[in-house]
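**Student:** Can you read through this structure? Questions will come right after.
Derivation of every value follows stated rules applied to the coordinates shown; laboratory data play no part. In this text, all values refer to a predicted model and were calculated from it rather than measured experimentally. Using ideal geometry, Cβ is built from the backbone for each residue, glycine included, and neighbour counts are taken over all protein chains shown.
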Amino acid sequence: MPTTLLILDTETTGLQAPEAELCEIGAVLFSVPHRAVLQQLSFLLGVYENKAEPVNGIDAEITRLAMPHQQARALFFSLVDSADALLAHNASFDRPWIESFLQKALGATPAIPWICSYEGISWPDLKPNPSLASLALAHGIPVWSAHRALTDCTYLAQVLQRAPNLEQLLLEGLEPRHLVAADLPFSRKDEAKEAGFRWEPQAKQWRRRLTNAQIEALPFPFTWINA
C-alpha cells in the first residue's frame with residue numbers, strides 16, 4: 001500500500017513524439033495517511049513552437065525565458081525518489097512523456113508503480129473513465145481552470161483528500177490490468193461505451209484495460225489483446 005504518492009501531469013505541444021514535445025511538468029507529493037499535500041512543483045521546458053497553445057495556454061516564448069531550470073529538475077527528481085507510486089489522470093498519456101524525460105535526464109526509468117485515476121480506479125457514483133473536471137465536481141471541488149500541469153495535479157490532490165475509501169481505491173489502481181476488446185456489433189456499441197470502453201480507430205475496436213475481476217464481470221463477449 002503506497003503511503004506517499006507523486007501526482008503528475010504533463011503539458012505537451014501535441015499528442016505524440018517525435019512531432020510533439022514536453023513543455024511542462026506538474027508534480028504534487030501527497031501523504032496518503034495524512035490526506036495532505038507535502039510539496040508541489042511545476043516547471044516549463046523550452047520549446048520553439050506549441051501547436052497546443054489553444055488548449056494549454058502556454059506561449060512557446062515564455063518556456064525559453066530565464067528561470068532556475070536545473071534546480072527545478074533536481075527537485076523533481078527528488079520528489080520522484082520520495083514516492084511509493086506515481087499517479088496521473090490518464091496515465092497512458094502522461095507516463096510515456098515522464099518516463100522518456102527521466103530516461104534522457106537520468107539514464108534510467110525508476111521502477112515505481114503507476115496508478116491511473118482515469119481508467120484504473122472505479123470512482124463511486126461515477127461512470128467509468130470520468131474526466132478530471134467531472135471527478136472534481138463530484139467531490140465538491142470547483143473547477144476554475146484547466147490544462148496547466150500544476151492546476152490539474154491540485155484537482156487530483158483535492159479529490160484524494162475527500163475520497164472516503166482512498167486506500168481501497170489506490171489498491172484497486174495497483175491491480176494488474178489487461179487490455180481487452182469488446183466483441184459487439186455496431187448496433188450494440190453503446191454497451192461498450194457505457195462499460196468505459198474507448199474506440200481505437202486504428203484497430204477499429206472498443207478497448208479497455210481491466211482487472212481480472214472486472215473482466216469476469218463483463219456482460220458481453222470480449223477478446224484478449226494482451227495477457
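**Student:** Using label points projected 7 Å from each Cα along Cα→Cβ, tell me how many nm separate T223 and H147, to one decimal.
**Tutor:** Using points 7 Å along Cα→Cβ, the separation is 3.5 nm.
**Student:** Please name whichever of A60, A157, S117 sits farthest to the positive end of the charge dipole of the chain, dipole taken about the Cα centre and charges placed at Cβ: Lys and Arg +1, Asp and Glu -1.
**Tutor:** About the Cα centre, the residue reaching furthest to the positive side is S117.
**Student:** Still on this structure, please answer the following. Per 0.36 nm of contour for each residue apart, how much would the distance between K193 and E216 grow if the chain were fully extended, relative to their Cα-Cα spacing?
**Tutor:** 6.5 nm
**Student:** Might you report the magnitude of the Cβ-based charge dipole of the chain about its Cα centre, with Lys and Arg at +1 and Asp and Glu at -1, to the nearest 20 debye?
**Tutor:** 220
**Student:** Here's another thing I want to ask about it. Round to the nearest 0.05 the FRET efficiency obtained for Q103 and Q168 when R0 = 41 Å and r is the Cβ-Cβ distance.
**Tutor:** After rounding, the FRET efficiency stands at 0.80.
**Student:** Just to confirm a number: summing +1 for Lys and Arg and -1 for Asp and Glu over residues other than W199 whose beta-carbon lies under 10 angstrom from that of W199, what do you get?
**Tutor:** Result for the local shell: +4.
**Student:** Using a 10 Å Cβ count of at most 16 others and DSSP loop calls, identify the longest part of the chain lacking such GluC sites (Glu not before Pro).
**Tutor:** 50-227
**Student:** If you don't mind, another one. Given H placed 1.01 Å from N in the peptide plane, which residues other than close sequence neighbours of T12 have an amide H under 5 Å from its amide H?
**Tutor:** C23
**Student:** Angle between the Cα long axis of helix 91-106 and the longest principal axis of the chain, 0 to 90 degrees, nearest 10?
**Tutor:** Here the helix axis deviates by roughly 40 degrees.
**Student:** Percent of Cα-Cα pairs more than 30 Å apart in region 4-174, please.
**Tutor:** 14
**Student:** Between region 63-101 and region 127-144, what is the separation of their alpha carbon centroids in Å?
**Tutor:** So the two Cα centres are separated by 24 Å.
**Student:** Please give the residues of region 1-17, grouped as numeric ranges, whose backbone N is less than 20 Å from a label point set 7 Å along the Cα-to-Cβ vector of R64.
**Tutor:** Hits in region 1-17 for R64 at 20 Å: 11-14.
**Student:** How much length is gained on full extension from A111 to S31, taking 0.36 nm per residue of separation minus their Cα-Cα distance?
**Tutor:** 26.8 nm
**Student:** Sorted by mean Cβ packing within 10 Å, highest first, what order do the peptides 195-203, 157-165 take?
**Tutor:** 157-165, 195-203
**Student:** Another one. Starting from the 7 Å offset along Cα-to-Cβ, what nm value, one decimal, do you get for the label separation of Y48 and E200?
**Tutor:** Once both label points are built, they end up 3.5 nm from each other.
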